[in-house]
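The values are calculated or read from the model by the stated rules, or taken from the named source; none is laboratory data. Just so it is clear, the model here is predicted, and its values are computed rather than measured. We place every Cβ from the backbone using ideal geometry, glycine too, and count neighbours over all the protein chains shown. Calculation scope for accessible area: heavy atoms of the full protein, side chains included, ligands and nucleic acids excluded. Shrake-Rupley method; radii C 1.70, N 1.55, O 1.52, S 1.80 Å.
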Amino acid sequence: MHGEGTEALRRDAIGLREVLFQSVTAMAPAAAVAASIPSGAAFAGGSLPLAVLIALVACLFTASCVAELARELPAAGSVATYAARGLHPAVGFLVGWGYVFVEALVPPLLLLQLGFTAAGTLHEEWASCPADLWWPWSLAGAAVIAVAGYLGVRASARFGTVLGVFEILVFLVFAVLLIGKAGSANTLSVFGTSHTADGYAGFSGVFAGSVYTVLAFSGFEAAAPLAEETRDPRRTMHRAVLGAALGIGLFYVITTYAMTVYYGPDRFTKFGASGEASWDGVARASFGLFWVLVFLAVINSTIANANACANVSTRTAFALARIRVLPGLLATLHPRHRSPVAGITVQTVVAVGAVLGLGFAYDPVTAFLLLATVIVTVVVGVYIVVNLACAGYFLRAGRALLKPVRHLLFPVLGIVAFVPALLTAAGLPVFDFVTPLKAPVSYAGPIVGVWMAAGVVVLLLLIRRHPERITETARVHLDQYAPEGHRQDGTVSG
């Protein structure tokens, strides 16, 4: 495959701003603050800001590894390419196989949240609006995301940027209001261990809270699959991945601190994702119609996250399809917009099918929890493999590129941070704060197992019949468009 032709994504279509917000919106900051991070309050209580700060530091180790690999290997295959080059092409294939699967499930996850959040809120305000009429909202969101993706990465990324700015501004303004109203109740003691929940005294409560909070950081790597469509990709990818992880991490710390000191550290154990003791509840009780902005920010966050992850899934599928380890149809690009239209079509069908199938088979909230467990289990596993790949890649690169702290110590620390998160997401009761999963959410493990077993079968068939395709998972396609003998960063290759 040579030349721009019909087989290449649009070059230099977007810059740092759009790529940064690709990762930012993939982290769903408003939804995480309102729904995900409060789950840690049951353990950390009023010390949750410290738990969030620890989670930020822990996630930066892995974000640094992703950023280092993204700078060296700017490819739409992203984590698959990193694993292929840092460990082995077969590992790269399996990482890509798992990653494209769960990233394709993120849009239906968020569309379910969009549906039940919109329907539930409208029913609360106007009882005549049925609480179970969630699916039209989900389908409307799916249509918006499909159109944005069809119009190409420039339109999709700019759309995500606008949405991301809105949700962050709403919650930052809310945080400032909370801190102001807290007045003399503002205290740095929330960054200590004195406010943890009963039964989780001291650092054990903070640790448990940080494990649940770590899961709110997933998505920081979402910029990487847009490398082939980005200006100056080696530099831009590095800055976007680290910038998103650090920026949104600080956003989490500020907003969590604001709500903790306003609501009261010693009663924060009861704070959650819904009811009076929630972001929505506090906004309704104390800030009048500001709750409408909070509601819109959360709705906005679901659409932005689904849009970002649709970009991830379609680009990863494109990268694997062009080397023919996935059906070649998924590498089809629109002649004008250069968008992977076949992948977008498949993504939309999967999203609508999963939303309606699981939503009606169970209910939208249960379907959401099932998909979330599948997704987080695989994504955290991918992070652990990428940490290993970082060490492997730079050890092979030699002393000229190897930086022991950044390329050896950080990967180890990243793995240490994410192993507890993986066990927690899978519901394995290794720690006393882990809740075993119940059916149908417990089906997540078998679903992941079956999918990955199928990937092993496909891998073995490809090794037997087309081993060169597996080898191609390690290829950085951008290098083929550079002048002969030179890489995109200006250094001599080969």
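Remarks
- Failed condition for Gly77, given (1) part of a helix (DSSP H, G or I); (2) surrounded by 24 or more Cβ atoms within 10 Å (Cβ to Cβ): (1)
- Residue match in the stretch 83-96 (condition: more than 23 Å from Phe174 (Cα to Cα), in contact (Cβ under 8 Å) with a residue 12 or more places away in the chain, assigned to a helix (DSSP H, G or I) and aromatic (Phe, Trp, Tyr)): yes
- Selection within the stretch 436-455 - open to solvent by 80 Å² or more (accessible area, probe 1.4 Å) and among the β-branched types (Val, Ile, Thr): Val450
- In the stretch 346-368, residue nearest to Leu226 (Cα to Cα) [restricted to those that are in contact with a Phe, Trp or Tyr (Cβ under 9 Å, 6 or more places away or on another chain) and open to solvent by 10 Å² or more (accessible area, probe 1.4 Å)]: Phe368
- Matching residues, the stretch 227-238, being within 20 Å of Ser156 (Cα to Cα) and either of a type outside the set (Val, Ile, Thr) or outside any helix (DSSP H, G or I) (or both): Ala227, Glu228, Glu229, Thr230, Arg231, Asp232, Pro233, Met237
- Within the stretch 363-382, no residue that is closer than 12 Å to Val106 by Cα sits with its Cβ atom under 6 Å from a residue that is open to solvent by less than 20 Å² (accessible area, probe 1.4 Å) and aromatic (Phe, Trp, Tyr) at 6+ positions apart or across chains.
- Some residue of the stretch 286-303 being within 19 Å of Thr471 (Cα to Cα), without any contact (Cβ under 8 Å) to a residue 60 or more places away in the chain and open to solvent by 40 Å² or more (accessible area, probe 1.4 Å): no
- Those residues of the stretch 391-413 which are closer than 11 Å to Phe61 by Cα and either among the polar types (S, T, N, Q) or surrounded by 13 or more Cβ atoms within 10 Å (Cβ to Cβ) (or both), in sequence order: Arg406, His407, Leu408, Leu409, Phe410, Pro411, Val412, Leu413
- Candidate set from the stretch 231-268 (those that are surrounded by fewer than 23 Cβ atoms within 10 Å (Cβ to Cβ) and of a type in the set (Val, Ile, Thr)); member that is farthest from the chain's Cα centre (by Cα): Ile254
- Filter pass, Leu139 being in a helix (DSSP H, G or I), closer than 29 Å to Arg336 by Cα and open to solvent by less than 50 Å² (accessible area, probe 1.4 Å): no
- Contact map, the stretch 154-168: first residue touching a residue at least 12 places away in the same chain (Cβ under 8 Å), second residue open to solvent by 40 Å² or more (accessible area, probe 1.4 Å), Cβ cut-off under 7 Å, separation 6 or more or different chains; pairs are Thr161/Arg17.
- For the residues Val100, Val144, the requirement of being in contact (Cβ under 8 Å) with a residue 24 or more places away in the chain and buried (at least 24 other Cβ atoms within 10 Å of the Cβ) singles out Val100.
- Pairs with Cβ under 8 Å, 6+ apart, first in the stretch 1-14 and under 16 Å from Thr230 (Cα atoms) and in a loop (DSSP other than H, G, I, E, B), second open to solvent by 40 Å² or more (accessible area, probe 1.4 Å) and at pLDDT below 50: Glu4/Tyr481; Ala8/Met1; Ala8/Tyr481; Arg11/Glu4; Arg11/Tyr481
- Residue count for the stretch 186-226, restricted to those that are open to solvent by less than 10 Å² (accessible area, probe 1.4 Å), more than 20 Å from Gly247 (Cβ to Cβ) and assigned to a helix (DSSP H, G or I): 6
- Within the set Phe203, Phe271, the sole residue that is free of Cβ contacts under 8 Å to residues at least 12 places away in the same chain, of a type in the set (Phe, Trp, Tyr) and more than 20 Å from Glu167 (Cα to Cα) turns out to be Phe203.
- Qualifying residue in the stretch 71-92 (condition: within 26 Å of Ala297 (Cα to Cα) and either at pLDDT 95 or above or out of contact with any strand residue (DSSP E or B) (no Cβ under 6 Å at 6 or more places or on another chain) (or both)): no
- Each residue in the stretch 10-48 was checked for being crowded, with 24+ Cβ neighbours inside 10 Å and of a type in the set (S, T, N, Q), and 4 pass.
- Note on the stretch 306-343: residues that are part of a loop (DSSP other than H, G, I, E, B) and either of a type in the set (Lys, Arg) or within 11 Å of Gly149 (Cβ to Cβ) (or both) total 7.
- Count - residues of the stretch 414-435 that are open to solvent by less than 80 Å² (accessible area, probe 1.4 Å), within 19 Å of Val378 (Cα to Cα) and either touching a residue at least 12 places away in the same chain (Cβ under 8 Å) or among the hydroxyl-bearing types (Ser, Thr, Tyr) (or both): 12
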